[in-house]
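The block underneath contains the structure these notes are about, expressed in structure tokens.
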Amino acid sequence: MNAPELSFGLHRTETLPIENSFASLPPAFYTRLLPTPISAPYLVGASARAAELIGLDPAEFGKTAFLEAFAGNRILPGSIPLAAVYSGHQFGVWAGQLGDGRAILLGDVPGTCGRMELQLKGSGLTPYSRMGDGRAVLRSSIREFLCSEAMAALGIPTSRALSVVGSDMTVMRETPETGAVATRMAPTFIRFGSFEHWASRDRKEELQTLADYVIDRFHPALRAAPNPYQALLQEATRRTAELIAQWQAVGFMHGVMNTDNMSILGMTIDYGPFGFMEAFDARHICNHSDQQGRYAYQMQPKIGQWNCFALAQALLPLIGDIDDAHSALEIYKPAFENRLDDLLHAKLGLRSKDPDDSTLINEMFSLLQANHTDFTLFFRHLGELKVDDPAGDAPVRDLFIDRLAFDAWAKQYRTRLRRENSIDAVRRMAMHAVNPKYVLRNYLAQTAIEKAQNKDFSEVAKLLSVLENPFEEQPENEKYADLPPDWANELEVSCSS
Ligand code: AMP
Ligand code: MG
């Protein structure tokens, strides 16, 4: 087979069948504008899996047409670039109008999982830039790129990342940094804050236009509900609750769960100062700017619910009756708890449910908390446990300072496993399929970033390939599963990006 046949059906950059459906909304929803070009763009990283979603040939990566398009230097035919307006609550306080201050929506492209919007991030000033410069630094762009693709591979709803394109432009943060433009993809980037924007202005007509757009495009079945806007609230609430259950189960902390960073489709969006739990501490705060710990690990479920209340408040004029809004919100707690319970059972390799399981699970969390055990390695090594042979416990047991406390818990766990006649080999496989070995630890991202800042992009590609298969044993990549080195204690991530 020759090369043209191999790429049959795949698009080149210029032939991407792009349109902009969001632009069919009235002009009040956005400002049409062009990205600000960057000089001498170069490829930092690109995801073949993301490209596949839009039928783009990965052979395009690094070609001039690709670089120009995803640097924001050249507009693809059919694209209608625009920045969307939204508002939101930041750290629990109403912040008023925000909007795409450094993001530009290019349009949407059909693909294997439905239409995907393509959005540039860091592509220059917009009317919503406020005090910002419209740019993003290479550091945060690489973090968003790797984490989006890592989360997708973990099976967690997320926006995707097609590419990061670098430039030698300097962007001022605490220090001068290299700038970059990331291209993200999602069915939509409409946020809770997009609705709060119109509700806060008493603009019911626009509010309804936006809600109708979301219902018609993403949830057509909700049209048949007695109150489609109540159904939309319930759907967004359920998805948000389930998303956060998935975050908790994998130890993901978003870091900035402001209402303007909450997707109406319940996917993870707007990666910034996120983190993965390492030494377990339920109070862990991954975002250095979050002094009060509003977005700490243990707060995420409550904050998710708080955000759904803010969405309910915004949708109230359409829903009509406050009791109907409240009843839609009621799904949050059971949706979150049931999903998390299912996920924790799976993480522990339990096939059945038992009324005493909550004790076993609570004691497990107390043990992790007291020992600051590495969250990822704990579950991964626990999969190796043998019901009848404690002699093989060393890998998981050695993660605990208080080994006797682990032994006591493991005894209960074994009793529970015996009760459902758990078979070691079967359970091991099931557990390894849900407990990742590889997650995007801050130190791994940092290593890739530092190399990329010196124009060596090999570690970005390497890390992407490791994180694309998080559940697989990758003997040659064992070190990517290691505990963080001492220098990682000094790492801080903040809202500055
Ligand atoms: P974030 O905390 O990244 O979700 O951003 C909150 C708001 O600030 C959004 O409206 C962003 O578009 C805007 N913003 C963040 N950084 C910048 C920047 N460097 N330039 C312009 N706007 C920004
Ligand atoms: Mg944001």
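Here's the picture: charge each Lys and Arg Cβ at +1 and each Asp and Glu Cβ at -1 in region 380-480, and of Leu399, Asn469, Gln453 the one pushed furthest to the positive end of that dipole is Leu399. With contributions of -39500 (n - 2.57) from each DSSP H run of at least four residues, the per-residue ellipticity at 222 nm computed over the chain stands at -12500 deg cm²/dmol. Taking every full run of DSSP H in the chain, the ones that stretch at least 15 Å from end to end by Cα along their long axis and average 0.5 or higher on the Kyte-Doolittle scale are 300-319. Quick note on region 312-471: its Rg to Rh ratio, both from C-alpha atoms and Rh being the Kirkwood radius, is 1.11. Just grab the label-to-label distance for Phe365 and Glu476, each label 7 Å out from Cα along the Cβ direction, in nm (one decimal). If labels sit at Phe365 and Glu476, their model points lie 4.0 nm apart. When a 1.4 Å probe is rolled over the protein heavy atoms, the share of accessible surface on the chain that falls to carbon and sulfur comes to 54 percent.
Extension gain, Leu404-Phe91: 0.36 nm per intervening residue step, less the Cα-Cα distance, totals 108.6 nm.
For the chain, the fraction of C-alpha pairs farther apart than 29 angstrom is 52 percent.
In whole percents, the pair-distance distribution calculated for region 221-276 from its alpha-carbon pairs, binned every 10 Å from zero, is 23, 46, 21, 9, 0. The Cα-based radius of gyration and maximum Cα-Cα distance (Dmax) for region 60-175 are 15.2, 45 Å.
Under 5 Å from the amide H of Met116 lie the amide H atoms of Val109, Gly111, each residue being 5 or more positions distant or on a separate chain, with H modelled from the backbone and absent for Pro and chain starts.
So for region 216-371, Kirkwood radius off the Cα pairs, Stokes-Einstein at 20 °C and 1.002 mPa s: how many µm² s⁻¹? Value of D from the Cα-based Kirkwood radius: 128 µm²/s. DSSP bridge analysis restricted to region 81-126 gives an antiparallel fraction near 90%, rounded to the nearest 5.
Normalised by 2.2 N^0.38 Å, where N is the number of residues, the alpha-carbon radius of gyration of region 292-332 equals 1.33.
Taking label positions 7 Å along the Cα-Cβ direction at both Leu125 and Arg12, the computed distance is 3.6 nm, reported to one decimal.
Each residue of region 79-89 was assigned a 3J(HN,Hα) from its phi angle through the Karplus expression (A = 6.51, B = -1.76, C = 1.60, θ = phi - 60°), giving 6, 10, x, 7, 10, 8, 9, 7, 10, x, 9 Hz with x at Gly and Pro. Between Gln291 and Ala488, the FRET efficiency from the beta-carbon distance, with R0 = 30 Å, is close to 0.90. Once the chain from Ser352 to Tyr42 is taken as fully extended at 0.36 nm per residue, the excess over their C-alpha distance is 106.4 nm.
Within the assembled protein chains, the solvent-accessible surface assigned to Phe22 is about 10 Å², based on a 1.4 Å probe. Between Lys386 and Glu330, the modelled label-to-label distance comes to 5.1 nm, taking each label 7 Å out from Cα in the direction of the beta carbon.
The 3J(HN,Hα) values that the Karplus relation (6.51, -1.76, 1.60; θ = phi - 60°) gives for region 474-483 are, in residue order, 10, x, 6, 10, 3, 5, 6, 9, 5, 4 Hz. Gly and Pro appear as x.
Here His288 sits with roughly 100 square angstrom of accessible surface, probe radius 1.4 Å. Estimated translational diffusion coefficient (Stokes-Einstein, Kirkwood radius over Cα pairs, 4 °C, 1.567 mPa s) of region 316-356: 105 µm² per second. Proximity of backbone amide H atoms, modeled 1.01 Å from N, is registered between Arg160 and Met185, Ala186 at under 5 Å, excluding neighbours fewer than 5 places apart on the same chain. Evaluated with a Cβ-only charge set (Lys, Arg +1; Asp, Glu -1), region 81-229 carries a dipole of roughly 100 debye about its Cα centre, given to the nearest 20. Ranking of Arg351, Arg12 by solvent-accessible surface, largest first: Arg351, Arg12 (1.4 Å probe, protein heavy atoms only, all chains present). Quarter the surface of the alpha carbon convex hull of region 73-140 and you get the mean projected area, 6.4 square nanometres. Protection proxy ranking, highest mean first, for peptides 232-242, 419-429: 232-242, 419-429, where packing is the per-residue count of other beta-carbon atoms within 10 Å, averaged.
The values are calculated or read from the model by the stated rules, or taken from the named source; none is laboratory data. Keep in mind that this is a model prediction, so the values were computed, not measured. Cβ sites come from the backbone with ideal geometry, for glycine too, and all protein chains shown count toward neighbours. All accessible areas refer to the heavy atoms of the entire protein, side chains included, with ligands and DNA or RNA removed. Shrake-Rupley method; radii C 1.70, N 1.55, O 1.52, S 1.80 Å.
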